[in-house]
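Everything below concerns the one structure shown next.
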Amino acid sequence: MCFPMNATYPIGIFDSGVGGLSVLREIRRELANEDLLYVADSACVPYGDKSPQFVEARSVAITEFLVGRNAKAVVVACNTATGAAIMTLRSRFSVPIVGIEPAVKPAVGKTESGVVAVLATNGTLSGDKFANLLARFGAGVDVLIQPCAGLVEQVETGEFYSDGARALIAKYVLPLLERGADTIILGCTHYTFLTPLIRDIAGPAISIVDPNAAIAHELRRRLESNNLLSPDARRGKERFWTSGSPDDVKPVISQLWNADVEVRRLPKRYCPST
């Protein structure tokens, strides 16, 4: 799909749910003047247990919605969706498409023990994109893979400090530390919101690598190279949509965004078929 682009147009961001707000936060810090459109595909969360074909179809539908609202760039704020759909999105849409992937390269540069752990969903860890990432940057270190079933759901329900979240994190992280990991990669944007618990359990000596700020920097670079940075001096605005129930999603987004926000229901044509 090809649309004329204008520097005053907004930026679109989407995720399976509220996890991508961690990326949105970094984009807001990096690009204070830009208008931002965020879609939480909450009716389908988590993506990690869905088929690549399903995630690709949802990514295409949401990108169509964002581009239809004049998004001048789209950020896929989900590791699983990036792996399943980034190539398709770039082939179908003319706007810059920025994805996210587990930060293996910087983690390999940080480790002193030679053991790096990746916390992510099954959908991310089983994909070809992640396998290629390990082949490119994982040589010479021991990369421990840890699927983290249930952590996304903890964030989606606002349970950032609950006993359940703590128990799950301990279950996943402590065995990695016993195997010598000194660096933990957050391979899901939801996990950023669990960083205080992860750090509390792992201890201050463990490095936690989160790629979200790097994605915001890459977005700025892409906008600059396409002459699409907003010329407006005012602070940009944010708008939010969900494919799920706005009544359920609004409190969590408001909590994470630290503001009382309006969350709209995604138009039916862009919602998953039931």
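Would you work out the relative contact order for the stretch 88-192, in percent, from Cα pairs under 8 angstrom that are 6 or more residues apart? About 41 percent, as a whole number. Each label was represented as a point 7 Å from its Cα along the Cα-to-Cβ direction; for Asn226 and Thr195 these points are 2.7 nm apart. For the chain, the relative contact order works out to 28 percent when only alpha carbon pairs closer than 8 Å and six or more residues apart are counted.
Between Ile215, Ile97, Ile206, the GNM of the chain built on Cα springs shorter than 10 angstrom shows Ile206 fluctuating the most. Label sites at His217 and Lys105, each approximated as a point 7 angstrom past Cα along Cα to Cβ, lie 1.1 nm apart. For the chain, the longest principal axis of the Cα atoms and the long axis of helix 163-178 meet at an angle of about 60 degrees.
Give me the percent relative contact order of the stretch 227-274, please, defined on Cα pairs under 8 angstrom at least 6 residues apart. Don't skip to the answer; put the middle values down first.
Values: 33 pairs, mean separation 19.6, N = 48.
Taking the mean separation of contacting Cα pairs over the length of the stretch 227-274, I get 41 percent.
Axis of helix 128-137 versus longest Cα principal axis of the chain: the two differ by about 60°, to the nearest ten degrees. Pairs over the 23 Å Cα-Cα cut-off, from the set Lys50/Lys268; Lys72/Lys110; Lys105/Lys129: Lys72/Lys110.
Only DSSP H runs of four or more residues enter the estimate; each adds -39500 (n - 2.57), and after division by the residues of the chain the mean residue ellipticity at 222 nm equals -13000 deg cm²/dmol.
What is the magnitude of the charge dipole of the chain about its Cα centre, with +1 placed on the Cβ of each Lys and Arg, -1 on the Cβ of each Asp and Glu, and no other charges, expressed in debye to the nearest 20?
That gives the chain a dipole magnitude of about 780 debye.
Report, for the chain, the % of DSSP beta bridges that are antiparallel, rounded to 5. Antiparallel bridges make up about 0 percent of those DSSP assigns within the chain. Per the Debye formula on identical point scatterers at the alpha carbon atoms of the stretch 104-210, with no solvent, log10 I(q)/I(0) at q = 0.17, 0.21, 0.23 Å⁻¹ is -0.73, -1.10, -1.30. Volume of the convex hull of the chain (Cα atoms only), normalised per residue: 124 Å³. On the basis of the beta-carbon distance and an R0 of 35 Å, Ala233 and Tyr161 show a calculated FRET efficiency of 0.35.
Sort out the exposed loop trypsin sites (Lys or Arg not before Pro) in the chain (DSSP loop, at most 16 other Cβ within 10 Å) and tell me the longest stretch that has none.
Longest stretch, sites excluded: 70-178.
Just so you know, all these numbers are worked out from the coordinates, no wet-lab data involved. Quantities reported herein were computed from a predicted structural model and do not represent experimental measurements. Reconstructed Cβ throughout: ideal geometry from the backbone, glycine too, with neighbour counts over all protein chains shown.
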